[in-house]
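Right, one structure below, let's go through it.
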Amino acid sequence: MSESRADGATATWTAPRCPFAIEYALRPLDDIRLAIIDAFFSLPRGGAEIGGILLGQYQNRRLLINDSLALQCEHAFGPGFTLSAQDRARLEALLTSASLNPSDRRPVGWYHSHTRSEIFLSDADLEIHNRYFPEPFQVALVLRPHTFQPTRAGFFFRDASGAIDAAAGGHEFVLETLPLPPLPTPVPRHEPSPSSPVIAEPAPAPGSPAPLTPPQEPPAAAGLPTPKFLDVAPTAPWTQSGRWLGLLLLVAVGVGMAVAYQTRHLRIPRLSALYTKVAAAPTLGLNTLDSQGQLQIRWDRNSSILRRAANAILSIADGTARHVIPLDATHLQTGVFTYARQAERVDVAMTVLSSGGRTFRQATTFLGAPPPPLPAAADDLRNQRDTLLQQNAKLTRDLHRETIQVKKLQRSVADLRDQLQHERQRRLGNQNPVSGK
């Protein structure tokens with residue numbers, strides 16, 4: 001990997017396996033860095049993670065990043081950058097709107113911060129990248145802020161085969177701090193030059209008072225420089241009042257900072273409690289990842305909810321098809337369920353019943369390209385499966401009829417046995433003489 005800065009406001013990033021060069025404007029990335037650092041210090045112990053969309057243009061094996069759009073994450077699952085259903089809808093709307101931009105400001109990737117881990121792409125990050133940024137040239141930028149060190153960053157890309165090296169290391173570079181832009185130069189006051197024409201004032205009328213003229217500075221002595229204090233322009237009254245207002249503003253700011261410092265013991269416990277409540281919010285970590293039509297439904301098997309659960313129900317809505325799959329404790333500990341999807345959109349929901357009787361539910365949606373058609377061998381196997389299922393159903397019906405027939409025969413045999421027993425008793429009674437005759 002190499003990084004070279006241009007003389008202007010851009011920098012170039014390259015890597016051996018990256019099939020294109022990444023050129024980015026320094027000012028937009030510095031704005032992203034400032035926003036990430038601001039979120040980093042918003043909460044104790046790691047702050048909040050944020051993200052957004054990278055805008056630019058891809059042309060002639062060169063990716064240019066010149067702007068960005070921030071994504072407002074509601075942090076429904078904690079301070080990490082984990083997207084909820086509303087966040088995903090907001091991201092889709094943002095991508096749709098940005099796709100209508102001019103050709104040099106289209107979506108070319110996305111960025112987000114890692115405040116509690118190193119620079120890499122997690123499974124959730126890969127799922128976002130593959131779902132919303134599937135183009136070969138679209139990249140992911142991960143930034144890692146630090147309290148006392150410069151911000152580090154790393155680009156993640158698809159190589160020539162389409163694979164993504166999501167592991168940490170090999171992609172990092174330091175995002176240097178840019179100097180503040182210079183203030184605008186004040187416009188100098190116009191001073192009349194010696195060559196400027198002098199306009200003569202009209203002479204006063206007879207009997208009228210003489211016009212007031214400002215006092216003239218005494219001419220400087222020949223050969224002596226003009227004293228410095230004579231070069232200072234007189235201060236206007238409103239300038240003096242402005243200085244007093246500025247001094248009062250500084251005093252007010254100082255008093256406010258002192259009050260905030262003295263009352264910090266009242267605010268910090270509330271912020272810590274809010275952070276603890278948000279960070280400890282239970283979640284199942286339900287997400288999906290597609291691989292050539294095989295949809296991997298994943299969840300966090302180490303979740304506190306699943307550790308206390310005895311079973312769960314996985315509901316899958318695949319187009320018009322509906323599936324309900326019960327999961328026991330053993331299946332929950334695997335953390336994944338593979339499903340061969342049939343439609344472009346698949347809605348997945350997991351309902352968990354804990355041992356205490358509480359019910360937890362989380363849902364996610366997959367939206368992608370249609371699954372690839374099954375090969376001929378798979379069609380034959382499916383036909384054989386259908387034939388075997390039909391034969392099994394027929395055998396089941398035949399067995400049911402045979403069972404009913406056997407029960408009828410058993411009842412007939414029992415009735416015949418009762419009749420024989422009754423006839424035998426009648427004959428025995430006829431053979432014995434009646435006593436007293």
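Here are some notes:
- Residue identified as among the hydrophobic types (A, V, I, L, M, F, W, C), assigned to a loop (DSSP other than H, G, I, E, B) and in contact with a Leu (Cβ under 8 Å, 6 or more places away or on another chain) among 43, 54, 91: 43
- Strands (runs of 3 or more DSSP E) within the stretch 255-328 that include 2 or more residues modelled with pLDDT of 75 or more and buried (at least 16 other Cβ atoms within 10 Å of the Cβ): 287-291, 294-298, 309-318
- Residues within the stretch 52-61 that are out of contact with any helix residue (DSSP H, G or I) (no Cβ under 9 Å at 6 or more places or on another chain) and modelled with pLDDT of 95 or more, tallied: 1
Yes or no, residue by residue, for (1) of a type in the set (D, E, K, R); (2) over 30 Å from residue 132 (Cα atoms); (3) surrounded by 10 or more Cβ atoms within 10 Å (Cβ to Cβ); (4) modelled with pLDDT under 90:
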| position | (1), (2), (3), (4) |
| --- | --- |
| 339 | no, no, yes, no |
| 379 | yes, yes, yes, yes |
| 383 | no, yes, yes, yes |
| 388 | no, yes, yes, no |
| 395 | no, yes, yes, no |
| 424 | yes, yes, yes, yes |
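- Residue 159, sole failed condition from (1) within 29 Å of residue 284 (Cα to Cα); (2) surrounded by fewer than 20 Cβ atoms within 10 Å (Cβ to Cβ): (1)
- Some residue of the stretch 366-379 being in a helix (DSSP H, G or I), among the charged types (D, E, K, R) and out of contact with any helix residue (DSSP H, G or I) (no Cβ under 9 Å at 6 or more places or on another chain): yes
- Residue within the stretch 77-88 that is buried (at least 16 other Cβ atoms within 10 Å of the Cβ), aliphatic (A, V, I, L, M) and not in a helix (DSSP H, G or I) present: yes
- For the stretch 34-46, the count of residues that are closer than 13 Å to residue 137 by Cβ and loosely packed, with under 15 Cβ neighbours inside 10 Å is zero.
- Within the stretch 119-152, tally of residues that are in a strand (DSSP E or B) and either under 17 Å from the mean Cα position of the chain (by Cα) or within 24 Å of residue 298 (Cα to Cα) (or both): 6
The values are calculated or read from the model by the stated rules, or taken from the named source; none is laboratory data. The structure presented is a predicted model; accordingly, all values stated were derived computationally and were not measured. Every residue, glycine among them, receives a Cβ derived from its backbone with ideal geometry; neighbour counts consider all protein chains shown.
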